[in-house]
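What follows is a set of notes on a single structure, which appears directly below.
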Amino acid sequence: MVMTPSTMIPLGSPAPDFRLPTPDGKLVGRDDFKDAPALLVMVICNHCPFVKHIRDGLAAFGRDYRDRGLAIVAINANDVANYPEDSPEKMKEEATAAGYTFPYLFDESQGIAKAFGAACTPDFFLYDGDRRLAYRGQFDASRPSTDLPVTGADLRTAADAVLAGSPPPSDQIASIGCNIKWKPGNAP
C-alpha cells in the first residue's frame, strides 16, 4: 500500500466554490452552508484502506458535530472507470452502510479535488466562518498498520477551536492515505 501525504496548502486559503451531485443527483454546494460557523470538506472514497480504517470514526464525527453547526461534506474524486468500487452507486451503498450523516458528493471531473489541493484519501480541509482554511491535516494518528485507536483527536481539536472562534493548533500533521485515483492525463 503506497502512502501519499496531503499537500498541506497554506492556512488562510479561501474555500474553493463547488457544486457537486450526491449519488441521487441532488446538487450540494459551498454556498448551501453560508450560515454555518465552519465548513469541513473531506476527500474520501470507498475502497481506500486508510478511509476504511477510520470509517466508523468519520461517521461518529459527523453525528457529533452536526448538532454543533459544523457543515460537513465528503467528496469522492476517484476515476470510477478504473476503480468501479468508487462509483456513485457504490457511494450510496457505502454512505448507508457507514452511517454517514453528511452529503457524499461525486467529483466526476476531478476539478474540485484539484481546486482544494487534495492529494490523498482521506484529506481534510476545515474552513472558518469566513471560509478561510484553518486546518488541513490528519484525522488522528491511527493508521491501518498501527494499533492506535481511531479517535479523530486532531480534527476534533481543530473543529472545537474553530467553532469556539479560536485558531486551531498551528502544529498540524499531514494526512496520510492512498493517492487520489486520477483519470489518465488528469493528475495535477
Return the whole-Å distance between the Cα centroid of region 63-86 and the Cα centroid of region 8-29.
10
Enter the per residue convex hull volume of the chain, computed from alpha-carbon coordinates, in Å³ rounded to the nearest integer.
106
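Only sites in a loop by DSSP and with at most 15 other Cβ atoms within 10 Å count here; which trypsin sites (Lys or Arg not before Pro) in region 29-112 make the cut? Write down the numbers at each step before the final one.
On the way: sites: Arg30, Lys34, Lys52, Arg55, Arg63, Arg66, Arg68, Lys90, Lys92; in loops: Lys34, Arg68.
Taking region 29-112 and a limit of 15 other Cβ atoms within 10 Å, the loop trypsin sites (Lys or Arg not before Pro) found are Lys34, Arg68.
Per-residue ellipticity at 222 nm for the chain, helices alone: DSSP H runs ≥ 4 residues times -39500 (n - 2.57), over residue total, nearest 500 deg cm²/dmol?
On the way: 4 runs with 46 residues, N = 188.
Helix-only estimate at 222 nm: -7500 deg cm²/dmol.
Taking the Cα centre of the chain as origin and charging only Cβ (+1 Lys, Arg; -1 Asp, Glu), how large is the dipole, in debye to the nearest 20? Kindly include the intermediate steps, with their values, before the conclusion.
Numbers: 19 positive and 24 negative charges, 37 e Å.
The dipole magnitude comes to about 180 debye.
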In whole Hz and in residue order, list the ³J(HN,Hα) couplings for region 67-84 that follow from phi through the Karplus curve 6.51 cos²θ - 1.76 cosθ + 1.60, θ = phi - 60°; x for Gly and Pro.
6, 8, x, 6, 7, 10, 9, 10, 10, 10, 10, 5, 5, 7, 5, 9, 9, x
Taking a cut-off of 13 Å between Cα atoms, list the aspartates and glutamates near Lys92, but don't count ones fewer than 8 places away on the same chain.
Asp24
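A short reminder: the numbers here are calculations on the coordinates, not readings from a lab. All of these numbers come straight from a predicted model, not from anything done at the bench. Here Cβ is always computed from backbone atoms with ideal geometry, including for glycine, and neighbour counts include all displayed protein chains.
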